[in-house]
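Throughout, read-outs are computed from the coordinates displayed, never taken from laboratory work. Since this is a predicted model, take the numbers as computed values, not measurements. Quick reminder, even Gly has a Cβ in these numbers, built from the backbone with ideal geometry, and neighbours come from all protein chains shown.
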Amino acid sequence: MKLYLETKLMTLEDEEHEIILRVKDEEFLGYDRIINNDVLSKNEEGKFIVREQKTWWNFPLYEIEDEEIIDFDYNKYSYFADTDRRMALAFKINELYNPPSEAKILRRTLKKILDNLGIVDEDFRKYNDKVEAIISKNPKG
């Protein structure tokens, strides 16, 4: 059977792995490889199962090695370990991320670096003076 595969290269602890993300037996936009293989079977809806179905994260089950589809044991790699914690931290960081505050930190840091190095950048000075003037006209509280 001719299979169309969407894959992703991942560098893990031991080596680079070509992980299978999606498989169809008909051509689709974005496929990366075509392989003749009868290893994978379809589920009752007619779809190939290439990701585990027991967790929210749907870890990959197969990879390509030497033009063959082989089992991929995601449990062996630290990247897939403790995913719940990593995703919870990413969610909290995204909630707390404040782009204007981040821009203020970057602007002030850049000003300090330029001042310490004695570099005068007129475009940055005009921009920074304008921003500081706006801030001083609109005090907190």
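Annotations for the structure displayed:
- Cβ-derived FRET efficiency at R0 22 Å, Phe80 paired with Asn36, nearest 0.05: 0.15
- Quotient of the Cα radius of gyration of the chain and 2.2 N^0.38 Å, N being its number of residues: 1.74.
- The range 2-80 shape via C-alpha gyration tensor axes, a/c threshold 1.5: oblate
- Applying 1/(1 + (r/R0)^6) with R0 = 30 Å to the Cβ-Cβ distance of Arg107 and Met87 gives a FRET efficiency near 0.45.
- Between the range 79-141 and the range 22-39, the C-alpha centres lie 45 angstrom from each other.
- Global form of the range 98-137, assessed from the alpha-carbon gyration tensor, a/c cut-off 1.5: oblate
- Sequence ranges 67-73, 100-106, ranked by mean other-Cβ count within 10 angstrom, highest first: 67-73, 100-106
- Ranked by how many other beta carbons lie within 10 Å on average, peptides 123-130, 19-26 from highest: 19-26, 123-130
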